[in-house]
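In what follows, a single structure is set out as structure tokens and then discussed.
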Amino acid sequence: MAWSSAALAHVGSPDVFLDAQAGPYRVLVTVRPPHAIPGVADVEVVSPANELSGVQIVPLPLTGPGAQFAPTPDVATRATDAPSRFTGHLWVMTAGAWQIRVTVHGDRGEGTIAVPVPTLPQTTLAMTPALRAILVVFMLTLCAGFVAIASAIVREARLPVGEAPGPSARRRGRIAGAIAVGVAVGVVLLGNKWWAVEASSYNRYVYKPLEAAPSLDAGGTLTLALRDPGWISTRRIDDFVPDHDHLMHLFIVSPALDRLWHLHPDEAATGTFAERLPEMPAGTYEIFGDLVHATGVSETVTGTFSTAAIRGTPLAGDDSAWAEVRLKPDTTYAADTTYVASGFSRTGGARIVWVRDETPLVTKRLTLFTFRVDDENRKPAEDLELYMGMPGHAVFVKKDRRVFAHVHPSGSAPMAALQIAMPSAPMHAHHGGLPPTVTFPYGFPEPGDYRIFVQVKRRGAVMTGAFDAHVN
């Protein structure tokens with residue numbers, strides 16, 4: 001049995017985070033897209049080394065001629081309480097694939113990076129009761145003024161100066177006033193109808209995510225059939241591009257988040273993906289499937305399916321699985337068990353440690369999440385490998401699954417979109433072995449309890465750690 005639900009790209013987590021080199025400078029960029037389009041995007045640029053003298057920002061289409069001819073950029077403002085932070089606000093006029101081009105200046109010259117930002121109108125902006133009341137008062141005042149002016153013109157326009165209107169003039173004035181009332185009411189009704197038509201038109205413009213219909217056959221093959229419910233005419237379901245060598249990154253989680261599968265279905269037909277599932281116990285599971293269009297816009301499809309126990313097939317390639325087994329700290333750890341705690345996650349004799357201080361986690365703040373991999377001898381591991389071209393992958397999931405974000409050391413933007421925005425920029429240049437630590441930039445969109453899954457690769461095998469976090 002299976003059913004699906006709708007989701008935005010990076011479910012419930014629309015902000016974009018980037019940790020990258022802009023010329024000689026390392027910068028952390030946060031872009032908060034507007035919820036309604038046209039709307040204003042908030043941009044924050046932080047220099048960890050506090051070595052920037054100025055920052056310029058400008059919005060551009062991600063592709064096409066508009067990406068080549070930038071208008072005059074806006075100058076970001078340096079924060080008075082944090083000299084390393086610059087902020088700015090930019091208008092985004094249409095839905096689709098955009099980029100925020102950031103140019104930074106300092107003693108070592110200039111650097112530029114581009115942050116891919118999907119602008120998806122998520123809602124219409126509601127009018128507050130106070131604003132509604134003010135506008136109603138203004139409307140009634142205008143209507144009353146129109147009626148009074150029309151009545152006065154007909155009643156007194158032909159009278160000599162100083163002469164009071166007689167009965168016939170007053171009667172003409174009342175008739176004109178009544179006609180003016182009818183005209184005012186008609187204009188208000190027509191205006192309301194026009195507004196309803198415009199609102200309905202914009203509601204059709206509000207982002208409607210791709211829908212996924214999961215189905216599971218007797219052999220344990222999960223099929224995801226995608227359907228476009230209708231949004232903008234330029235969206236397609238036959239233009240997906242590989243991101244980390246795969247068209248889809250499929251995450252399957254149990255409701256308690258005590259099991260995780262990271263799989264990579266193949267496209268069996270246009271808009272249809274299929275994956276032979278590995279061994280799974282009976283239960284109900286939720287899916288999150290990441291996709292990237294050729295335009296650079298990323299989407300996450302969601303769904304739920306229930307199954308009896310599946311014998312499945314062995315994991316292969318980049319696929320991985322994780323299951324939580326709670327053990328006492330002095331227990332001897334088997335190679336296939338994982339201990340979950342607030343500070344470290346142990347797989348076999350090795351472990352992943354969350355390197356953090358006592359600073360509380362809060363919403364809407366870019367935070368660097370650093371994790372260290374220790375080997376079986378409790379020393380920093382020296383045998384880490386790239387996992388699908390990245391030092392590591394992290395998944396941030398709210399316990400109620402209202403938030404899901406797949407994040408890399410470079411940030412939350414898909415690598416495919418970054419390569420469109422900065423085709424000549426090296427994404428990951430590593431000389432020699434990988435360091436034992438991996439860092440992910442992310443900001444929680446809402447308070448609550450989260451689980452963070454961290455995946456790295458050692459000796460050809462994927463190692464997964466899970467960490468619980470409370471966000472104020």
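Some points to look at:
- Computed about the Cα centre, the dipole magnitude for the chain is approximately 2120 debye when only Lys and Arg (+1) and Asp and Glu (-1) carry charge, each at its Cβ.
- Global geometry of the stretch 66-223, whether rounded, prolate or oblate, following the gyration tensor of its Cα atoms and the 1.5 cut on a/c: oblate
- Shape of the stretch 361-472, Cα gyration tensor, a/c cut at 1.5: oblate
- Furthest towards positive pole of dipole, ALA212, PRO61, SER168, structure part the chain, Cβ charges: SER168
- Selected from GLY465, ALA350, LEU386, residue furthest toward positive end of dipole (the chain; charges at beta carbon): GLY465
- ASP468 exposes around 50 Å² of accessible area when a 1.4 Å probe is run over every protein chain in place.
- Computed FRET value (nearest 0.05) for GLU446 with GLU163, which takes r as the C-beta separation and R₀ as 60 Å: 0.25
- Using the Cβ-Cβ distance between ALA126 and THR94 with R0 = 35 Å, the FRET efficiency computed as 1/(1 + (r/R0)^6) comes to roughly 0.95.
- When only alpha carbons are used to place a centre, the stretch 17-71 and the stretch 117-168 end up 44 Å from one another.
- Using C-alpha pairs under 8 Å with a sequence gap of at least 6, the mean separation divided by the residue count of the chain gives a relative contact order of 15 percent.
- Heavy-atom accessible area, probed at 1.4 angstrom with all protein chains present, ranks VAL355, VAL115, VAL187 as VAL187, VAL355, VAL115, highest first.
The values are calculated or read from the model by the stated rules, or taken from the named source; none is laboratory data. Just so it is clear, the model here is predicted, and its values are computed rather than measured. Glycine also receives a Cβ, built like all others from the backbone with ideal geometry; neighbour counts cover every protein chain displayed. Surface accessibility is based on the protein's heavy atoms, side chains included, excluding ligands, DNA and RNA. Shrake-Rupley method; radii C 1.70, N 1.55, O 1.52, S 1.80 Å.
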